[in-house]
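The structure under discussion appears below in the form of C-alpha cells.
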Amino acid sequence: MKILVVGGAGYIGSHCVRQLLAAGHQPIIIDNFVYGHRDSIPEGLTVYEGDMGDIAFTQPILEKEQVEIVMHFAAFAYVGESTSDPLKYYDNNVAKTVHLLQAMRNANVNRFIFSSSCTIFGESSKMPLHEDLPLQAFSPYGQTKQDVEVLLGYCAKAYGLSYACFRYFNASGADPEGTIGEDHDPETHLIPLAIQAARGQRDKLVIFGMDYPTPDGTCLRDYVHVNDLSRAHIAAFDKLKTPGTELHYNLGTGKPASVLEVINTVEAVSGLSVPHEFGPRRPGDVPAAYAYPEKAISELNWQIEFPDIKSIVETAWKWHESHPNGFEK
Ligand code: UD1
C-alpha cells in the first residue's frame, strides 16, 4: 500500500519507514527537518520537504501519490518546553494536525494513524494502564495528544474517517541493523543519556528522584522497542478498511523497569560503568507508567520481539557505538 509517513525522518517515523519497506509497502515521506535527519532516509524513497500544516503543500501530494493511509509522527514531544511555550505545542501538534486532516478530507484519503502517548492517562494510580481508563493529561504536550484523539473521534463520526491511535509508552532502542537510531537534540531520554554517560560523552547521569513509592525508589517505565511499535501500526492496516473505524491501543511490553534497572542494564550490556548521582524529582514525572498490552496482542496479533530491557538496550548500545555523534545531517 502507499503510505504517507509524516515525520518520516524522525526517530519513530524512520523506524516505521524501514518496517513498512520490509512488509512490502510503499512509504512516501513528508518532513520539515526541524528535528528529522536526512541521513535516516533510505536511498530512493520519495521525500517531500515541507510543513504538514500547509494544505497547499500536502493536498497535492496526497492526490498525486494516491496515498491510502497517512501516518503522523510529526509532533513536538518535549514536555518541559510545552509548559514554557504551550502555543508552540498547540500550533504544531493540534493546529497543524487539523490542517493535515483537512487536506486528507479534501483529497478523499480516509485512513489515519496517530502517534499518541501514554501521558494522556496522567497520573493514574491504576496500573497497568488499560485502553479504557479516563484521559486526563496534565501537561500541554499531553493535552495536545488528548485533544487530537478526541478530534479524531468526531471526524470518524462526521466524515467516516478510520483511525488508529497508538499510545506509546517509552519508545526506545534502535533498528538492530545499526543504521538508524535515536538522535535527539537536545536529548532528554534515559537510555541514550545513560549510554552517553557510560561512553564518557557526558560527565554523569542525574537520576531524577530516589524517594518514589516504587521498589527501589526510582520511577518505573515501560520501555518498548521502536520496531515493535512500528509493526503494531502496520498490523492495524486491515482493520482500517471499514469507514468510521476507531482504534485505540496502548503499546508497551507491560514489564516496567526502574531507572536503576536501566542503568544496571546499560552497565551489563556495555561492560562500562554509568557515572550517576541522585538529584531532585523532575516536575511532571509520574512514579510509574506501564501498559496492559493484551488488546494489541490479541486484536492485532502484535508480536513483541524485544520483550525485556536488556534486548532493547543491546540495540541502542549498537547504534551509539557505531554512531557516537548520531546522524551526520
Ligand atoms: C517522556 C515524556 C513523555 C513522552 C515521552 C516520549 C516527560 C515528563 N515525559 O517520557 O510524555 O511521551 O518522553 O517522548 O518528559 N530520567 C532520569 N534522568 C534523566 C532522564 C530521565 O532519572 O536524565 C528518568 C525520568 O525521571 C523517568 C525515566 O528516566 O523516570 C524515563 O525518562 P524519559 O526517558 O525522559 O521518558 P519519560 O519522562 O517517561
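Bear in mind these aren't lab numbers, they're just calculated from the coordinates by the rules spelled out. This is a predicted model, so every value here is computed, not measured. Positions of Cβ are generated from backbone atoms using ideal geometry, with glycine treated the same way; all protein chains shown enter the neighbour counts.
So what is the orientation-averaged projected area of the range 181-329, using the convex hull of its C-alpha atoms, in nm²? Could you put the intermediate results ahead of the total?
Values: hull surface 42.7 nm².
It is 10.7 nm².
Nearest-5 percent of antiparallel DSSP beta bridges in the chain?
Details: 2 of 40 bridges.
The answer is about 5 percent antiparallel.
Taking the chain as a Gaussian network, where each spring joins two C-alpha atoms under 10 Å apart, which residue of Ala56, Ala194, Ala316 fluctuates the most?
Ala56
Counting DSSP beta bridges with both partners in the range 187-329, what percentage is antiparallel, nearest 5? All intermediate terms of the calculation are to be shown ahead of the outcome.
Working: 2 of 8 bridges.
So the antiparallel bridges in the range 187-329 amount to around 25 percent.
Suppose we look only past 25 Å in the calculated P(r) of the chain. What percent of the Cα-Cα pairs does that tail hold?
Numbers: 26358 of 53956 pairs.
Above the 25 Å cut-off, the chain has 49 percent of its Cα pairs.
So what is the 222 nm mean residue ellipticity for the chain from helices alone, if each DSSP H run of at least 4 adds -39500 (n - 2.57) and you divide by all residues, rounding to the nearest 500 deg cm²/dmol? List each step's numbers first, then the result.
Details: 11 runs with 116 residues, N = 329.
Taking each H run of at least 4 residues, the total per residue is -10500 deg cm²/dmol.
Report, ordered by chain and residue number, the lysines lying within cross-link reach of Lys64, taken as a straight Cα distance under 24 Å and ignoring same-chain residues fewer than 8 apart.
Leaving aside lysines fewer than 8 places away in the same chain, those within reach of Lys64 are Lys2, Lys96, Lys241.
Over the range 128-206, what is the relative contact order in whole percent, taking alpha-carbon pairs under 8 Å and six or more residues apart? Mind dumping the intermediate values first?
Working: 27 pairs, mean separation 8.7, N = 79.
Relative contact order here is 11 percent.
Mind jotting down the distance between the C-alpha centroids of the range 207-276 and the range 145-192, whole Å?
13
Let me know the charge dipole size of the range 143-283 about its Cα centre in debye, to the nearest 20, where only the beta-carbon of Lys, Arg (+1) and Asp, Glu (-1) is charged. Please list the in-between numbers first.
Details: 13 positive and 18 negative charges, 84 e Å.
Here the range 143-283 has a charge dipole of around 400 debye.
Tell me, what is the percent relative contact order of the chain, built from C-alpha pairs under 8 Å that lie six or more residues apart? If you can, show how the numbers build up before the last one.
On the way: 667 pairs, mean separation 63.3, N = 329.
Normalised by residue count, the contact order of the chain is 19 percent.
What are the trypsin sites (Lys or Arg not before Pro) within the range 116-194 that DSSP puts in a loop, where the Cβ has at most 15 other Cβ atoms within 10 Å? Mind dumping the intermediate values first?
Numbers: sites: Lys126, Lys145, Lys157, Arg167; in loops: Lys126.
Listed in order of number, the matching sites are Lys126.
Relative contact order, percent, of the range 121-170 when contacts are C-alpha pairs under 8 Å separated by at least 6 residues?
23
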